[in-house]
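Here is the structure we will look at.
The values are calculated or read from the model by the stated rules, or taken from the named source; none is laboratory data. Model, not experiment: these values are computed from the prediction. Neighbour counts are summed over all protein chains in view; Cβ atoms, including those assigned to glycine, are modelled from backbone coordinates with ideal geometry.
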Amino acid sequence: MKRRDFIKTTSLASGMMLMGGLDTFALDSSSPITSWFEDSRFGMFIHFGLYSIPAGEWKGKIMPRNWYAEWIRMQHNWPNNPGIAKKEYDELIKQFNPTNFDARQWISEAKDAGMKYFLITSKHHDGFALWHSKADDYNISKTPFERDMLRELVDACNEFDMKYGFYYSHWLDWGHKGGALPPWDQLKDKQPSQKEFDKYWNQKCLPQVRELASEYKPSFFWFDSWSEIADQPYVTEAKIDELISTVKRIDKSCLINSRIGTKWLHSKKDSVVDYLSMGDNEFPKKAISKPWETSGTMNHSWGFHKHDFHWKSSADMLRLLIDNASRGGNFQLNIGPMGDGQFPTASIKRLREIGAWLDVNGEAIYNTRRAEIREPKWGRITQSKDGNTLYLFVYNPLEYDEIFVPRFRREPQSATILENGQTLVARAFNRGTYIEMPDYGVDQNITVIKVKY
Ligand code: JFZ
């Protein structure tokens, strides 16, 4: 689109919005570097590391199931901190040998689930790196496994045409003397000095991020912090700027998330990051115009927890994906592979169910944008970027004889159920479009109707 046309379209759209009634309009506010991210909508998040071996249980003691297994070093034996001494935790290095890990299998599972990008904990809070880091020794090359897991995954992503990015814990690092510990009162005396943290920052954090950006070429980073970062002295605004420019100097188009410093979330400073990360499992009720994502778990823990059986159903997770897509956001669904490198069976089952649904209905999710329509009672709506096609996700479709889409007043050309191609009666009436629901031929859970104008 020529720039002039773009301006015309957008000002026309906002002008018409003020007037209150419009037929269709294009809504594609994405910048060139984030459009792939918005088009993707669905990604895989992986939490894997030393903590995947104990999997929530240490010497017969089980972490409460509503805790995160990747936090075992700090939370085992709570509230005695740190729960596991570093020396003892590091015994896991000798045990780390996920012989059943197969990068191509992980990525093809993601691909079959309908996921368009892949995100993995390159280094979580424990400080252990899953690649052959030249900047720091505390990494996978020192384990019996030896192999460079990130390299193998990057190769598989390239083979399967899957975008990928890295989670990197820039604030907390329990593997380096200068890394920050959790911001808890009991740990006050054990926190690093400012000088020690600066050393960690300059000798480990920045060099590792540089290494990842230049040698592993991710499309995005997912830095991790949360609100308490606002009260700590270590990661200052200057450091955040430094971290961002470290990445951007290597690759301008590499995306950076808002959790790099959450005090900015929903503030002016948002403009320095490319996309917003919600809180864990946080699904905003309203549309947000900047690209955004929710990261969510299938059960409770991110890292594999062998006693965590709180699985969500595939239908529940599909709704989270649809809710987010209809509000302009992505969904990054987590898998916590087991210590041997395989996905848990319960996760695979859900990935495949979701994939089968997306195989038929994915057109209504990918490459769509949120529709500027009040959220209807019967479900959710997305629209094609040109605004000429609407996708209606009818939740519990058997409850409705007809559904109404406000504001779309042009005569629709056609309305069909995506799953079986069945044609529905649709007409423009009053201030929108009416669509008659069939009494058979609908998915009892979520039926998707494509309406062309
Ligand atoms: C962090 C990590 O501590 C956790 O282990 C996991 O990796 C998760 C994805 O991210 O935990 C958070 C971070 C932010 C919020 C909640 C948990 N938050 O902002 O709500």
Worksheet item: Taking residue 339 and the conditions (1) part of a helix (DSSP H, G or I); (2) touching a helix residue (DSSP H, G or I) at 6+ places or on another chain (Cβ under 7 Å), which numbered condition does it fall short on, given that it satisfies the others?
Response: (1)
Worksheet item: Do you know which residues across the range 241-263 are away from the ligand (no atom under 16 Å from the Cβ) and assigned to a helix (DSSP H, G or I)?
Response: 241, 242, 243, 244, 245, 246, 247, 248, 249, 250
Worksheet item: Filtering the range 325-342 down to residues that are away from the ligand (no atom under 16 Å from the Cβ) and closer than 30 Å to residue 372 by Cβ, which residue is surrounded by the fewest Cβ atoms within 10 Å (Cβ to Cβ)?
Response: 327
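Collect the residues in the range 216-233 that are over 19 Å from residue 275 (Cβ atoms) and either modelled with pLDDT under 95 or exposed (fewer than 15 other Cβ atoms within 10 Å of the Cβ) (or both), keeping them in residue-number order.
228, 230, 231, 232, 233
Of the residues 345, 368, which is surrounded by fewer than 17 Cβ atoms within 10 Å (Cβ to Cβ), more than 16 Å from the ligand (Cβ to nearest atom), hydroxyl-bearing (Ser, Thr, Tyr) and at pLDDT 95 or above?
Only one candidate qualifies: 345.
List the strands (runs of 3 or more DSSP E) inside the range 381-453, counting only whole elements, that have at least 1 residues being under 22 Å from residue 370 (Cβ atoms) and of a type outside the set (Gly, Ala, Ser).
On the way: elements: 389-395, 402-406, 414-417, 426-429, 432-436, 446-452.
In the range 381-453, the matching strands (runs of 3 or more DSSP E) lie at 389-395, 402-406, 414-417, 432-436, 446-452.
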Worksheet item: In this structure, does residue 107 turn out to be within 20 Å of residue 338 (Cβ to Cβ), assigned to a strand (DSSP E or B) and touching a residue at least 40 places away in the same chain (Cβ under 8 Å)?
Response: no
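Need at least 3 residues that are within 16 Å of the ligand (Cβ to nearest atom) and closer than 13 Å to residue 126 by Cβ per element, so show me which helices (runs of 4 or more DSSP H) inside the range 60-102 make the cut, counting only ones lying wholly within it. Can you show your working first?
Working: elements: 72-75, 86-89, 91-95.
It comes to 72-75.
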Fill in: Condition broken by residue 223, with the remaining ones in (1) within 16 Å of the ligand (Cβ to nearest atom); (2) more than 30 Å from residue 117 (Cβ to Cβ) satisfied
(2)
Item to complete: Restrict the check to the range 53-73 and report whether at least one residue is aromatic (Phe, Trp, Tyr), surrounded by fewer than 20 Cβ atoms within 10 Å (Cβ to Cβ) and within 22 Å of the chain's Cα centre (by Cα).
Response: yes
Worksheet item: residue 407 versus (1) touching a Lys or Arg at 6+ places or on another chain (Cβ under 9 Å); (2) modelled with pLDDT of 95 or more: which is the lone unmet condition?
Response: (2)
Discussion item. With the structure loaded, tell me whether residue 307 is surrounded by fewer than 23 Cβ atoms within 10 Å (Cβ to Cβ), assigned to a loop (DSSP other than H, G, I, E, B), of a type outside the set (Phe, Trp, Tyr) and within 16 Å of the ligand (Cβ to nearest atom) or whether it fails that test.
Written reply: no
Item to complete: Tell me which residues, restricted to the range 226-239, are within 16 Å of the ligand (Cβ to nearest atom), in a helix (DSSP H, G or I) and out of contact with any Phe, Trp or Tyr (no Cβ under 7 Å at 6 or more places or on another chain).
Response: 227, 228, 230, 231
Discussion item. Quick check on the range 186-202. Is at least one of its residues surrounded by fewer than 21 Cβ atoms within 10 Å (Cβ to Cβ) and within 16 Å of the ligand (Cβ to nearest atom)?
Written reply: yes
Discussion item. Looking only at the range 124-177, how many residues end up being surrounded by fewer than 19 Cβ atoms within 10 Å (Cβ to Cβ), of a type in the set (Gly, Ala, Ser) and not in a loop (DSSP other than H, G, I, E, B)?
Written reply: 1
Worksheet entry | Filter result for residue 92 (more than 30 Å from residue 327 (Cα to Cα), modelled with pLDDT of 95 or more and not polar (S, T, N, Q)) | yes
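Restricting to the range 178-191, count the residues that are in contact with a Leu (Cβ under 8 Å, 6 or more places away or on another chain) and part of a loop (DSSP other than H, G, I, E, B).
Adding up the residues that qualify gives 4.
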Practice prompt. Taking only the range 299-321 into account, find how many residues are of a type in the set (Gly, Ala, Ser) and free of Cβ contacts under 8 Å to residues at least 60 places away in the same chain.
Written response: 2
Worksheet item: Does residue 420 meet the test of being in contact (Cβ under 8 Å) with a residue 40 or more places away in the chain and more than 15 Å from residue 391 (Cβ to Cβ)?
Response: no
Worksheet item: Which one of these does residue 162 not meet: (1) more than 16 Å from the ligand (Cβ to nearest atom); (2) over 20 Å from the mean Cα position of the chain (by Cα)?
Response: (2)
